[in-house]
Amino acid sequence: DQCGAASLTQSGGIDWGTHTGTDCSTPGIGGAGNTHASRTGFYELNRMMEIGRSHLPSNTWLQGQLTSIMNINLSCNAWFNAGSNQLGFYRSGGVCANTGEIAHVFDHEWGHGMDFNDLTFGVSQPSGEGIADVYAALRLGSSCIGPGFRRDGAVCQNGFGAGRTTCLTCTGVRDIDYTAHQDNTPHTLTWLFFSCNGGGGFSVHCMGQIYSEAIWDLYKRELQGAPYNYDDNTALEITMRLTFIAAGNVDIWHALNSAAIPWGGCGSNMGYMTYLNADDDDGSINNGTPHMQAIFNAFNAHEIACQLPVVQDSGCSGTPNAQPVLTVVPGDMSAVLSWTDVGATEYQVFRAEGALGCNQGKVILGETPLLTFTDTGLRNGLEYYYVVIPKGSNEACFGPGTSCEAVIPVATPITPNPTKAPTPKPTPKPVSTGGSGRWYVRWGTETCVQDCEPVAGSCGGLAEPWDFLFNTVTQCCQIKLPYKHLGWCEETSRVNPYPGSGEWYIDYSGTRCVRDCAPGGPLDTNNECAGIIDDAWVPLFPTAGACCGTTLPWVDNELCESNSDPSSTGTNKYYAVNPGGKCLRDCDVGLGCARVTGTSTVLHNTIAECCTISQNWVDDMFCASRSINSFSNGWIVDGTNPKCVQDCAAGSSPLCANPDHDSPSTRIFATPTDCCQTNLNWVDLARCVADSQGTTPPRSGDWYVDYTIQGCVEDCVGPPPCGGLRENWEFAFPDRASCCATVPWYTSC
C-alpha cells in the first residue's frame, strides 16, 4: 500500500477493523497501510483466485502469489502488469473513485491476469478487455463493470460518435448487457466496423463489448429461457465452467474483417468454437452439444457465431430433470449438507459468502455420488451460502440446482434431526479399511488413482467421502478427465510406460502430420514420432491421410502425406515453377526432379496436365519441353530475320535458334508453315517456309517488275528469267506480257 505499511498482532485471529473513509484513511489501527483498498483487495482477489483454482486446478498461475499495489498516487485507472505479475490501483481524484475500493475493478484486472496465464499464453485477440469484463461480471453477478467508478454518479458510455450508446443506470465504465443501454440493441460486428471507430482504429473496449455481451446473453437469457429454463444459479455455473475452459483456448475471439459478417466466429480457436468444444460431451461437436442452441443464439445475435456445424442440442442422456432439496446444518467451523436423491451420477457442491449471497460466482467445493457433504475450515459467526447441482455422465451435463441455502457455523454444533435428514445414497461397493481398489480422479496430476494404500504406484491413498469411485480406470478417465486422451489417461494412471497411441496429429510448423508417440520409442520405426499428446482437444487420426485431409485441407493431401513420411522421396507428381514457366516433378532423383517447398502448391498427374492448368499463360510446347530440360523441336519466330527457326539446342543444327529461346512468353508452333502464317503474315509464305527450312522455294509462275533492270522477271530463284523472290509489296502478274504492259516505256521489256 502506497499509503504506508500495515501491521497488526492480535490473539485469536486478526480484526483489521472497518471505517468509511477512502484513500489513505484507516480505522486507526494496523498502521498507515490498513486502508479500505488494502482490505478490500486482499479479500476479493483471494476469492477470485479460489474460484479460479476450483475450475482450473492444474493452472500454475492460480497456485502462486499475486502482488497488488494499492493507493498509487494517480487517478482514474488500474492495471495488470504481466511482466511483474502485479496489479495496480489508483486513489480517488477528479470524477473518479478509488479503483482499489471497487470489487468489480479488482476482478476485471484479475481477469487480465487469468487471460494472460491460461492455456493460450498471452492476451487474447482482438481485445482482452471483453474477457476481463466477463470474469468480473460472472464473479459478482452484475453486468455493470465497476459500479461507482464515477463519483459524480454519471452513467457510462459505450463506443464512439454515432455508435456511442448510453447506459441506463450503470455508474461504472461499461455495461455488458445490451438491454441496459438506451438503444436496447445487441452490439455486433457491423456496429464495430461502421459505428465504433474512434479515428485511430477500433477501440479495445468496443471489440471486447461484442463478445462479452454474447457471454452475458448466454448466462442471463439463453440458458434461463426455453427450452432449458435453468435457474439463475445453474445458468451462472454452466457459464462459469464454459468460460474458464473455453477462454483458455481462444486465440482470437472473433474475426476482424467486414467480409466475415454475419459469420464472424468460424475459426477453430475463436470464441464460438471454443465454447462449443467446452460444452461437448462426446468428443465431437459435429453431432451437437448439450447447450449448442443456447451458445449459437448468444453469439449469433452479435454476428460472431458460425453456420457450421449444424446447430443441434444433443448428449447428456439420463441427466436428472428434478431439483434436489438441500438442507444445511451448522457445525463448529463446519457445515453439514444433505439433499434429496434425484438419480444423479454425482452432485457438485458450490459455496459463496458475502453480501451477494448466491447471486455471484461460487467456489466448487467438490463432487460426490453421495447425498451428503461436510464443509470444514469455516469461520464461526460468518454466513455461508450453498448450492448443489446434480450432474449427468459428463462434466457438461447439468441438472437443475438446489435453491440457495444459508448457514452460520457455531461453536456448539447442532445435531441434525435424523428423522428429517435424507438417507445417504449408498456407494455401489463398500470401502474397506484397506481401500476398495476402485478408481477416483486426482486433479493435481490429472490422472486417476486407486482407492488403496500405502500411496505407491497406482495407489493414491484412501478416497475421501466426496470422491466418486469407478470400477475401472477407463470409466474414471472417460467421465472425470474427458479432456485427456483415453489411452494416455489409462496407462499413466496405471503408472505404465505409455509409448503413445501411434495415431496421427497435425504439426502446423511443418505443414504435415506426425505420430503420437515418443521419438526413438518402440513405435518410432520410421522417425515419424513427434511426441506424446495427452490433451484431447488435439484430435488424433488413424492415418496420415485422414489427418492431412481434415486438419490441413489447404495442402494437397498427397503432398501432406509425403511430408509426413520421413522416408518419402516425393509424390512423383508435377507442379508449376515460376519464373521459368515450367513444371517440375516432386521427387529427389531423376529428370526434372525438385521437392516441393510451398504449402499451397497444386500437384498434377502429368506434365501436360500441369502445363495446361497451372501454366496456362505459357505455351504448352514450351512448358512441356523445358520441364524435362529439353527442346520441343517446334518452330519459333527468328527475332533477326523474317523467318522461323527451330526450337532446338543452339549449334546442333543450322536451323536451330541461336541463342536458345528461354523466355516463358515464347510461342512455339508445330510446323514452319504455322509459324510463318501466324507471326510473319506480311512475308510471302513460300519464301518464309523455305528460308526457315534452308531450302529453295518452288516457282510460283508469277512475274513482277524489276525496276533496276527496267523490265519484268519471273518470281523464282535461279538464272534468268528468274529475278529472285518477289516481295509482298511487289505486284504479281500471270505472265511476262501482262507485266510488261504496265511499263510500256521500258522498250526492252
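Numbers for the structure displayed
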read-out	value
Segment 581-597, residues that are in a loop (DSSP other than H, G, I, E, B) and touching a residue at least 24 places away in the same chain (Cβ under 8 Å)	G581, D586, L591, G592, R595, V596
Every residue from segment 529-580 that is without any contact (Cβ under 8 Å) to a residue 40 or more places away in the chain, open to solvent by 30 Å² or more (accessible area, probe 1.4 Å), β-branched (V, I, T) and in a loop (DSSP other than H, G, I, E, B)	T543, T569
Per-region count, segment 287-343, residues assigned to a strand (DSSP E or B) and small (G, A, S)	4
Residue, modelled with the lowest pLDDT, within segment 12-28, restricted to residues that are surrounded by 14 or more Cβ atoms within 10 Å (Cβ to Cβ) and not polar (S, T, N, Q)	H19
Subset of segment 342-373 (residues that are more than 30 Å from D107 (Cα to Cα) and surrounded by fewer than 17 Cβ atoms within 10 Å (Cβ to Cβ))	G343
Single residue of N359, N394 found to be touching a Pro at 6+ places or on another chain (Cβ under 8 Å) and part of a loop (DSSP other than H, G, I, E, B)	N394
Filter result for the condition that a residue is modelled with pLDDT under 95, surrounded by 15 or more Cβ atoms within 10 Å (Cβ to Cβ) and of a type in the set (G, A, S), over S630, S614, S663	S614
Output for segment 666-691, where each listed residue is in a loop (DSSP other than H, G, I, E, B) and open to solvent by less than 50 Å² (accessible area, probe 1.4 Å)	T666, I668, L680, V683, D684
For T640: the one exception among (1) β-branched (V, I, T); (2) open to solvent by 60 Å² or more (accessible area, probe 1.4 Å); (3) part of a strand (DSSP E or B)	(3)
Residue within segment 198-213 that is surrounded by fewer than 22 Cβ atoms within 10 Å (Cβ to Cβ), over 28 Å from V538 (Cα atoms) and at pLDDT 95 or above present	no
Failed item, numbered, when T234 is tested on (1) of a type in the set (S, T, N, Q); (2) open to solvent by less than 10 Å² (accessible area, probe 1.4 Å); (3) without any contact (Cβ under 8 Å) to a residue 60 or more places away in the chain	(3)
Among (1) outside any strand (DSSP E or B); (2) open to solvent by less than 30 Å² (accessible area, probe 1.4 Å); (3) among the hydroxyl-bearing types (S, T, Y), the one test that Y704 misses	(1)
Enumeration of residues in segment 513-528 that are closer than 24 Å to L119 by Cα and either part of a loop (DSSP other than H, G, I, E, B) or at pLDDT below 90 (or both)	D516, A518
Verdict on Q307 being open to solvent by 60 Å² or more (accessible area, probe 1.4 Å) and within 19 Å of the chain's Cα centre (by Cα)	yes
Filter result for M273 (closer than 21 Å to G113 by Cα and surrounded by fewer than 24 Cβ atoms within 10 Å (Cβ to Cβ))	no
Selection status of T376, at pLDDT below 90 and surrounded by fewer than 16 Cβ atoms within 10 Å (Cβ to Cβ)	no
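Listed here are the residues, each with its yes/no results for (1) out of contact with any His (no Cβ under 7 Å at 6 or more places or on another chain); (2) open to solvent by 10 Å² or more (accessible area, probe 1.4 Å).
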{"residue": "T40", "(1), (2)": "yes, yes"}
{"residue": "N46", "(1), (2)": "yes, yes"}
{"residue": "I51", "(1), (2)": "yes, no"}
{"residue": "T60", "(1), (2)": "yes, yes"}
{"residue": "Q65", "(1), (2)": "yes, yes"}
{"residue": "L74", "(1), (2)": "yes, yes"}
{"residue": "E101", "(1), (2)": "no, yes"}
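The values are calculated or read from the model by the stated rules, or taken from the named source; none is laboratory data. Because the structure is predicted, anything quoted here is derived from the model rather than measured. Every residue, glycine among them, receives a Cβ derived from its backbone with ideal geometry; neighbour counts consider all protein chains shown. What goes into the accessible areas is simple: the full protein's heavy atoms, side chains included, and nothing from ligands, DNA or RNA. Shrake-Rupley method; radii C 1.70, N 1.55, O 1.52, S 1.80 Å.
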